[in-house]
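Read the structure below first, then the notes.
The values are calculated or read from the model by the stated rules, or taken from the named source; none is laboratory data. Quick caveat: nothing in here was measured; it's all calculated off a predicted structure. Methodologically, a virtual Cβ is constructed for each residue, glycine included, from the backbone with ideal geometry; neighbour enumeration extends over all protein chains shown. Ligands, DNA and RNA are stripped out before the accessible areas are found, and what is left, the full protein with its side chains, is counted by its heavy atoms. Shrake-Rupley method; radii C 1.70, N 1.55, O 1.52, S 1.80 Å.
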Amino acid sequence: LAHGVMDKRKADTADATDATDAADGAATAAAAADASGDAGASAKRARPYDRKEARRLLQETFLVPFSEDFFDLWDLALSMRADRPLDAFSAIDMVLDGPYELLFKDGKVDGNPLLLGRQKFDPPEMLTFMHRKSCPSEHWGLYRDTPQDYAEFVVTTDSHKGGRLTECGDNIFAAIYELAKQAKNDHLADKLARLAKDRGHALSVGKRRKSRAAYAEKSDDKLIVRTFSGVGVMVPYDKANDLGWRPLSLTDKKLRDLFHAISHAKETGKKVDFAQLDELISFANISNDEADYGQALELGQDLFSYSIYFAQDAENLLVPTYKLLGRPEFATIVEAHTPVRKGTHGHGGHGAGHGPGAAGHGHDHGGHGHGGHGHGHDSHSHSHGHDSHPHSHH
């Protein structure tokens with residue numbers, strides 16, 4: 001399922017991996033200090049780590065691969081502040097977390113390490129690696145379409161404002177470089193630019209997302225389905241036979257209105273009418289039965305990003321759909337994340353799914369207020385938008 005546009009980058013990264021995995025972490029941190037203009041600053045004090053072992057630990061924990069820019073930034077953080085590398089970028093109000101915290105703590109953390117750094121509206125395609133120190137709800141993550149892919153670009157979001165994701169860099173260096181420039185920290189920006197050039201990381205924003213969209217547009221077997229998160233999701237799609245995705249029966253506006261009506265009724269203590277949502281879920285289950293997995297993924301993602309109130313419905317749709325798509329790692333993340341998203345509220349639900357492996361209609365009646373602000377679509381999405389297409393069955 002990993003799409004072909006990533007193949008060359010994967011091959012290049014694999015070559016780089018073979019060349020760097022055996023390197024000692026302290027030595028690479030020293031090299032990072034030298035390349036960034038801080039030769040000798042703190043390389044001698046850098047915490048030694050084995051990149052090959054770190055790669056194994058991270059992939060086993062977070063269920064996705066990590067590319068070289070991730071480790072090169074860790075080398076830089078160690079060279080800048082070996083005693084507290086998570087705070088290496090505190091000058092621009094940034095704190096490294098998630099997988100970086102796992103590395104710093106040698107894999108020993110409280111709770112489920114799979115959820116380390118993950119916030120309530122982070123979809124499984126996003127892996128948080130940094131947050132703003134003065135506003136921890138504002139955070140940055142690596143985004144990928146499948147768990148077999150290396151991260152395709154970096155996104156940022158604020159969990160207090162809902163599930164809208166904004167692209168902010170083609171890799172970690174590009175994202176932090178942009179933040180350094182915004183903070184007018186020329187010293188850090190220059191340091192990042194020197195190391196990025198030395199390690200071959202482009203400081204671009206938007207190129208990878210455009211190439212992803214262009215690939216899907218030209219491909220005969222892939223489609224980017226638009227979602228409320230704003231970046232869309234990639235699904236297998238047989239264009240010749242129109243198989244892999246079908247539009248929802250509601251336009252985006254009507255879907256948001258429905259979500260708002262349900263969550264608002266709950267918040268105000270009014271009777272909640274689930275009939276229309278149950279119908280949408282039933283149609284999505286039928287779509288899964290007929291190999292149109294994109295519809296269930298789209299609806300599940302929209303439920304996930306709109307409101308915590310729909311956490312259980314989102315899980316019920318996403319888990320079987322990810323498994324059908326060959327993305328069981330994402331299903332595992334959703335299953336671990338949902339109880340945390342719901343807090344202490346128990347599992348509520350009614351009804352049953354349709355067909356084999358179908359999602360049940362498990363509405364959680366202990367929901368929270370919605371974060372449905374600023375929802376929009378990926379401007380590079382495939383032209384099949386459900387605003388203009390009626391619901392149909394194959």
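Just to be sure before I move on: is Glu315 within 21 Å of Gly117 (Cα to Cα), modelled with pLDDT of 95 or more, open to solvent by 50 Å² or more (accessible area, probe 1.4 Å) and not in a loop (DSSP other than H, G, I, E, B) in the structure I sent? Taking the combined requirement at face value, the residue does not satisfy it. Can you tell me which residue within region 40-56, out of those that are open to solvent by less than 40 Å² (accessible area, probe 1.4 Å) and of a type in the set (A, V, I, L, M, F, W, C), is modelled with the highest pLDDT? The selected residue is Ala54. When every residue of region 186-203 is checked against the conditions, none turns out to be among the charged types (D, E, K, R) and not in a helix (DSSP H, G or I). Under the condition of being among the aliphatic types (A, V, I, L, M) and under 19 Å from Ala296 (Cα atoms), the residues counted in region 234-280 number 10.
When you look at Asp93, is it in contact (Cβ under 8 Å) with a residue 24 or more places away in the chain and closer than 27 Å to Gln312 by Cβ, yes or no? So Asp93 does not fit the description; no. When you check Ser229 against the structure, is it assigned to a helix (DSSP H, G or I), of a type in the set (Ser, Thr, Tyr) and either buried (at least 23 other Cβ atoms within 10 Å of the Cβ) or in contact (Cβ under 8 Å) with a residue 60 or more places away in the chain (or both), yes or no? When the stated conditions are applied, Ser229 does not pass them.
Restricting attention to region 289-300, the residues that are part of a helix (DSSP H, G or I) and open to solvent by 10 Å² or more (accessible area, probe 1.4 Å) total 2.
Do you know which residues across region 232-247 are open to solvent by 50 Å² or more (accessible area, probe 1.4 Å) and in contact (Cβ under 8 Å) with a residue 12 or more places away in the chain? Result: Asp238, Lys239, Ala240, Asp242, Leu243. Across region 156-171, a minimum of one residue is classified as closer than 18 Å to Arg209 by Cα, basic (Lys, Arg), touching a residue at least 12 places away in the same chain (Cβ under 8 Å) and open to solvent by 10 Å² or more (accessible area, probe 1.4 Å).
Looking across region 204-220 at every residue that is in a loop (DSSP other than H, G, I, E, B) and more than 21 Å from the chain's Cα centre (by Cα), the one that is farthest from Asp170 (Cα to Cα) is identified as Asp220.
Only a single criterion out of (1) in a helix (DSSP H, G or I); (2) at positive phi is not satisfied by Tyr100, namely (2). Consider region 214-226 and keep the residues that are farther than 22 Å from Pro124 by Cβ and out of contact with any Asp or Glu (no Cβ under 9 Å at 6 or more places or on another chain). The one that is surrounded by the fewest Cβ atoms within 10 Å (Cβ to Cβ) is Lys218. For the residues Ala275, Ala265, Ala216, the requirement of being among the aliphatic types (A, V, I, L, M) and modelled with pLDDT of 95 or more singles out Ala275. Which residues, taken from region 79-114, are among the acidic types (Asp, Glu) and open to solvent by 50 Å² or more (accessible area, probe 1.4 Å)? Hits for region 79-114 are Asp83, Asp106, Asp110. The residues in region 248-287 that are open to solvent by 10 Å² or more (accessible area, probe 1.4 Å) and under 23 Å from the mean Cα position of the chain (by Cα) can be counted, and the count is 1.
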